[in-house]
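Comments concern the structure below.
Just so it is clear, none of the values below were taken in a lab; they were calculated from the coordinates. Please read all numbers here as calculations on a predicted model, not as lab measurements. When we count neighbours, we look across all protein chains shown, and the Cβ atoms used for this are built from the backbone with ideal geometry, even at glycine.
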Amino acid sequence: MLELRLRPQARMHKDESEHSHSAMKKQTPPEKMTATTYVGIDVAKATLQVHLNGHQIEFNNNSKGHAQLTKKLAQLTRPHVICEATGGYERPVVAAFHQAKILVSVLNPAQTLAAAKAQGIRAKSDCCDAEALTDYGQRYQPQPTVPVPPELREMTELALWLQQLIDHRAVAKTQAEHHDNAFVRQQHQELLAHYQGQIKAVEEEIKKRIQSQQEFQQRLDCLAEIHGVGFRTALMMLIRMPELGQINRGAAAALAGLAPWTRDSGTMKGKRGIGGGRAQVRPVLYMSALSASRCNPVLAPFYAALKKRNKPSKVALTAVMRKLVIYMNHKLKVLATTPPAQETKTPTKPKKDLAN
């Protein structure tokens, strides 16, 4: 009886949607009709553990292994590699995939770990991770990672090295305050001078390379116009958040980890707080927010108004940081849509512009 009742419904559904299904078939591109083969790869320092069509294969994580792997993947139908960011060990093989025109998605390990736990997977090994990555690709079909131009990749390495030098100098300064021995203090002074020289050399190298990249130079100058934003802040924001100018204001705040997330449950109304996003940009924005809260003609009154409402200093500065990143995104979006002849025009309403 159950089967007899279901069959008319199935026929009715087929009759009603026959026209729409035929239309969809006509509109479906040929490449979409071909199934994608997702390949999970667990990247280690020396090896690449590949899960391919239910089998585990291991390759060396070197140029020879990359060539062997890309050759094997090229034989598949629409291969799409899924791997995790592993602190740099994945970059050479990802570059090899891009050169071979093979789609690859480099994922945040926290996302794949959460997906595995949601399925009750607790085992941890290279083989298990590779299989879990394949399953992740089949379930969620992540967007491919866009290849980074060589000049931007070199700029990124220089900018990150500059940030490391600045961090090391800060540590050395703190340590130098707690030594009574004259020889040790002298060593610290020499170390600080060494760091200062390296920082200056790296900044000069970055500025020299920027001169040959007109678009990057324009974006950098655009951000540096904002009161409270200097060269280093503008540089690190473009390196850490290259999406600026291409996303909406909410996405920009969330990407920087400055969106106030709700924490409500039933009758409980939790306190909003920030979190997630790219933690590397927040220290940079924090220092700019400190400066902007004093000298920016728009953000300084905004900060003062928050303090007048008895907001804690850190809460008020976080709000300033959010305003800053949203305005950075807005300025770069305007820059991308403004004809070159109008880029140097004076703003019509300078009082509402954070840069004036």
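Computed values, structure above
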{"read-out": "Structure-derived Rg and Dmax of the Cα atoms in Å: which label, when the choices are (1) 29.4, 123; (2) 26.3, 96; (3) 20.9, 63", "value": "(2)"}
{"read-out": "Cα-based helix-to-principal-axis angle, 109-118 vs the chain, degrees rounded to 10", "value": "40 degrees"}
{"read-out": "Kirkwood hydrodynamic radius (C-alpha pairs) into Stokes-Einstein, the range 150-211, 20 °C and 1.002 mPa s, D in µm²/s", "value": "168 µm²/s"}
{"read-out": "Alpha carbon centroid spacing (whole Å) that separates the range 158-184 from the range 209-288", "value": "26 Å"}
{"read-out": "Two-site label geometry, Ala100 and Asp167: point separation in nm, points 7 Å out along Cα→Cβ", "value": "3.3 nm"}
{"read-out": "C-alpha long axis of helix 2-16 to longest principal axis of the chain, angle in °", "value": "60 degrees"}
{"read-out": "Chain lengthening between Gln138 and Lys64 when straightened (0.36 nm per residue, less Cα-Cα)", "value": "23.8 nm"}
{"read-out": "Relative contact order computed over the range 150-211 (Cα-Cα under 8 Å; 6+ residues apart), in percent", "value": "47 percent"}
{"read-out": "Additional length obtainable on full extension of the chain from Arg278 to Ala336, 0.36 nm per residue less Cα span", "value": "18.5 nm"}
{"read-out": "Segment Glu205-Glu243, extension gain: residue separation times 0.36 nm, minus the distance between their alpha carbons", "value": "11.3 nm"}
{"read-out": "FRET efficiency, Glu154 to Ala35 (Cβ-Cβ, R0 45 Å, nearest 0.05)", "value": "0.75"}
{"read-out": "Fluctuation leader among Glu225, Glu177, Glu58 - the chain, Gaussian network, Cα springs under 10 angstrom", "value": "Glu177"}
{"read-out": "Ser265-Lys117 FRET efficiency (beta carbon distance; Förster radius 25 Å; 0.05 resolution)", "value": "0.70"}
{"read-out": "Angle between the chain longest axis and helix 63-73 axis [Cα atoms, degrees, rounded to 10]", "value": "40 degrees"}
{"read-out": "Mean separation of Cα contacts under 8 Å (6+ apart) over length of the chain, as relative contact order %", "value": "11 percent"}
